[in-house]
1. May I ask you to list pairs of residues, at least six apart or on different chains, whose Cβ atoms are under 8 Å apart, with the first in segment 175-203 being closer than 19 Å to ALA38 by Cβ and the second being not basic (Lys, Arg)?
2. Output the residues belonging to segment 146-165 that are assigned to a helix (DSSP H, G or I) and surrounded by fewer than 12 Cβ atoms within 10 Å (Cβ to Cβ).
3. So which residues in segment 76-103 are at pLDDT below 95, crowded, with 18+ Cβ neighbours inside 10 Å and of a type outside the set (A, V, I, L, M, F, W, C)?
4. Of everything in segment 1-38 that's outside any helix (DSSP H, G or I) and under 42 Å from the mean Cα position of the chain (by Cα), which residue is nearest to LEU158 (Cα to Cα)?
5. Mind listing whichever residues of segment 214-226 are assigned to a helix (DSSP H, G or I) and either of a type in the set (D, E, K, R) or modelled with pLDDT of 85 or more (or both)?
6. Under 9 Å between Cβ atoms, at least 6 apart or on separate chains: pull out the pairs that start in segment 146-170 with a residue that is under 13 Å from LEU22 (Cβ atoms) and end on any residue that is crowded, with 18+ Cβ neighbours inside 10 Å and small (Gly, Ala, Ser).
7. Only one of these is of a type in the set (Gly, Ala, Ser), within 22 Å of the chain's Cα centre (by Cα) and either surrounded by fewer than 10 Cβ atoms within 10 Å (Cβ to Cβ) or in a strand (DSSP E or B) (or both): ALA172, ALA168, ALA129, ALA180. Name it.
8. Might you let me know whether segment 135-157 holds any residue that is out of contact with any helix residue (DSSP H, G or I) (no Cβ under 6 Å at 6 or more places or on another chain) and among the basic types (Lys, Arg)?
Amino acid sequence: ALETAATKLAEATTQNAKQDWLKTGQAQLNEQMSGEQALITLAKNIITFLTNRLAAQVGIFYLVEEINRHSQSYQLNLLANDTSIQHKDIAMAFHFSEGIVGQAALEKKTIQFTIDAGLGETIPRHLLAIPFLYEDVVKGVIELGFLEELMDIQQEFLEQIMPNIAIAINTAQSRKEMQALLQQSQMQAEKLQTQQAEVQRSNEELQTQSEELQVQQEELRQINEE
């Protein structure tokens, strides 16, 4: 009975430590994503935090962007990366279904891949591509590379934070679009104001010419009367 109680206590302690690690990580990430950040700054803060928190050797943040409005074509473009080792083969973009990043975006689920490497090599052997979705729409994919296989608690952490990342990115995108629309509206208003000023000047010139013509006509009438 004493051993059973000790075992249960140890399990409870382990579970509490796990939940504390998960909640602390979420709180720290939310702090990194707070405020009105530009997209590229937000992406950099996210990927840097994740590589440090999970001890990843490679972290790459890909954002879904439109490449052809007419055909509604999209691709995943590299927005930010954080690598602690030399890693030359970082792709700048992926089409949907291309590589594990594109496959994760296409299938809307996490894709894991293990690379066979010789002993002593320091390249990431375990790759993970995890998409983040907002209202079931893929907003981007985060790719992480590790020397060792991910622990269950690390995978659980990633699954828990992806919705918050998607919300933060969607908010930043919406803010960027609103700022662009506001700027466009201001430019149109300034253009309209300039046009109105030109019309007013033209009207004033016409009024001046009309008054001059009336004066000339009056002078001509007086001459004719004489």
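1. Every condition considered, the pairs that remain are ARG175/GLU36; LYS176/ALA38; LYS176/LEU39.
2. Within segment 146-165, ASP152, GLU159 qualify.
3. ASN81, ASP82, GLY99, listed by residue number.
4. The residue in question is MET33.
5. GLN214, GLU218, GLU219, ARG221, GLU225
6. PHE157/GLY25; GLN160/GLY25; ILE161/GLY25
7. Sole residue among the options that is of a type in the set (Gly, Ala, Ser), within 22 Å of the chain's Cα centre (by Cα) and either surrounded by fewer than 10 Cβ atoms within 10 Å (Cβ to Cβ) or in a strand (DSSP E or B) (or both): ALA129.
8. No, that holds for no residue.
The values are calculated or read from the model by the stated rules, or taken from the named source; none is laboratory data. Computed from a predicted structure; not experimentally measured. Positions of Cβ are backbone-derived with ideal geometry, glycine not excepted, and every protein chain shown enters the neighbour counts.
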